[in-house]
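Colleague: One structure is given below, represented as structure tokens, and several questions about it will come after.
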Amino acid sequence: MKLFENFKFSNFFSKKRIDENLLNKFEELLIESDVGTQIASDLKEKFKKEKIGKEINDEKEIFDFLGEEISKILTPYEKKLNNLYKGSPSIIVVAGVNGVGKTTTIGKLGKLFKNEGKKIVFGAADTFRAAAIEQLELWSKRAGADFVKSDLGTDPASIGYKTAKFAEENKIDMAFIDTAGRLQNKKNLMQEYKKIFTVLKNINPEYPHETILILDATTGQNALNQVEEFKKISNLTGLIITKLDSSAKGGIILAICKKFGLPIIAVGMGEKDTDLHSFNSSQFSKMLVRN
């Protein structure tokens with residue numbers, strides 16, 4: 001998932017000096033990597049100011065510079081996983097489009113907090129697909145979490161209601177409500193998603209305490225549209241980025257942070273229970289740019 005995988009800056013050196021030719025290629029590659037034109041331009045100008053005309057030993061200096069600058073951009077958007085717990089019960093809605101890994105992420109979150117001694121419940125509010133309910137139920141068993149479900153086709157908002165009430169009545173620490181993997185351009189499905197929040201707030205105006213949007217790192221620029229549409233309906237409190245173990249261009253994370261100012265809670269790096277980690281801007285930046 002490196003921004004400049006298989007690219008050698010050394011091919012663009014002019015007598016070991018940074019010149020306009022390399023600067024233009026630098027900006028072009030950043031744009032191709034989905035960081036956005038504004039960030040690409042800003043990074044190019046900083047690079048130009050500090051490096052142009054100066055002799056450099058090897059391209060490692062370029063990667064070091066880029067990693068440090070990306071880390072500076074992302075550091076304000078770090079949000080630790082432990083911050084999801086707001087007291088008992090903490091009601092958390094998990095959203096996202098089809099295929100981004102919502103249910104798997106909920107399973108990992110449940111397992112993580114269960115290992116810390118929290119009582120957990122999963123609510124299967126994706127009532128449109130039997131497979132989604134079954135998958136979440138399997139994860140609940142793996143994580144040692146309670147499970148709330150209903151019949152296929154049941155109003156998703158009713159599952160949100162039942163899950164929150166179950167959490168209150170059974171002294172549950174954290175309730176994770178899975179929602180249907182809806183496309184953000186399907187207005188009727190988005191309205192059903194909105195209804196979940198209405199029902200939860202009828203129980204307690206503070207519900208949900210967190211609304212997490214799951215984004216697939218391989219999505220590219222469409223991830224910006226997903227965030228924008230979900231923000232219209234719910235007050236998003238953070239993002240979890242999945243599939244960063246693939247060949248994804250993770251630069252889209254910079255573009256999202258720049259445009260929406262949303263914190264990144266965690267990143268998914270694989271399929272194991274333990275493959276979910278609090279977002280660390282320094283580690284992420286190093287992983288992003290090194291080849």
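The values are calculated or read from the model by the stated rules, or taken from the named source; none is laboratory data. All values reported here derive from a predicted model rather than from experimental measurement. Cβ coordinates were reconstructed from backbone atoms using ideal geometry, including for glycine residues, and neighbour counts include every protein chain displayed.
Colleague: Kindly indicate the residue of the stretch 164-191 that is at pLDDT 75 or above and under 22 Å from the mean Cα position of the chain (by Cα) and also surrounded by the fewest Cβ atoms within 10 Å (Cβ to Cβ) among those meeting that condition.
Modeller: Per the criteria, the residue is 190.
Colleague: Next up: Scan the stretch 85-112 for residues that are closer than 21 Å to residue 140 by Cβ and in contact with a His (Cβ under 8 Å, 6 or more places away or on another chain) and jot them down.
Modeller: Listed by number, the residues that qualify are 90, 91, 92.
Colleague: Follow-up. Name the single residue that is nearest to residue 219 (Cα to Cα) among those in the stretch 95-119 being of a type in the set (A, V, I, L, M, F, W, C) and surrounded by fewer than 24 Cβ atoms within 10 Å (Cβ to Cβ).
Modeller: Among those residues, the one meeting the criterion is 112.
Colleague: Report, by residue number, each residue of the stretch 224-253 that is within 21 Å of residue 278 (Cα to Cα), modelled with pLDDT under 90 and aliphatic (A, V, I, L, M).
Modeller: 244, 248, 252, 253
Residues checked against (1) over 30 Å from residue 255 (Cα atoms); (2) assigned by TED's automatic domain parsing to the domain that holds residue 261; (3) modelled with pLDDT under 90; (4) of a type outside the set (Lys, Arg):
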residue	(1), (2), (3), (4)
131	yes, yes, yes, yes
139	yes, yes, no, yes
152	yes, yes, yes, yes
162	yes, yes, no, no
196	no, yes, no, yes
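Colleague: Which one of these is touching a helix residue (DSSP H, G or I) at 6+ places or on another chain (Cβ under 8 Å), of a type in the set (Lys, Arg) and closer than 21 Å to residue 176 by Cβ: 272, 195, 286?
Modeller: 195
Residues are listed down the side, and each one gets a yes or a no for (1) more than 30 Å from residue 174 (Cα to Cα); (2) modelled with pLDDT of 90 or more; (3) outside the structural domain of residue 283 (by TED's automatic domain parsing):
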| site | (1), (2), (3) |
| --- | --- |
| 2 | yes, no, yes |
| 18 | yes, no, yes |
| 63 | yes, no, yes |
| 71 | yes, yes, yes |
| 85 | no, yes, no |
| 110 | no, yes, no |
| 115 | no, yes, no |
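Colleague: Return yes when residue 59 is under 24 Å from residue 287 (Cα atoms) and of a type outside the set (Val, Ile, Thr) and no when it is not.
Modeller: yes
Colleague: Given the options 125, 131, name the one that is surrounded by 14 or more Cβ atoms within 10 Å (Cβ to Cβ), over 19 Å from residue 86 (Cβ atoms) and within 24 Å of the chain's Cα centre (by Cα).
Modeller: From the options 125, 131, the qualifying one is 125.
Colleague: Can I ask one more? Output the residues belonging to the stretch 271-289 that are within 14 Å of the chain's Cα centre (by Cα) and part of a loop (DSSP other than H, G, I, E, B).
Modeller: The answer is 275, 279, 280.
Colleague: Any residue at all in the stretch 163-175 that's free of Cβ contacts under 8 Å to residues at least 24 places away in the same chain and farther than 19 Å from residue 268 by Cβ?
Modeller: Scanning the stretch 163-175 turns up at least one residue that is free of Cβ contacts under 8 Å to residues at least 24 places away in the same chain and farther than 19 Å from residue 268 by Cβ.
Colleague: Another question, if that's okay. Which one is surrounded by the most Cβ atoms within 10 Å (Cβ to Cβ) among residues in the stretch 67-94 that are assigned to a helix (DSSP H, G or I) and acidic (Asp, Glu)?
Modeller: Per the stated criteria, the residue is 69.
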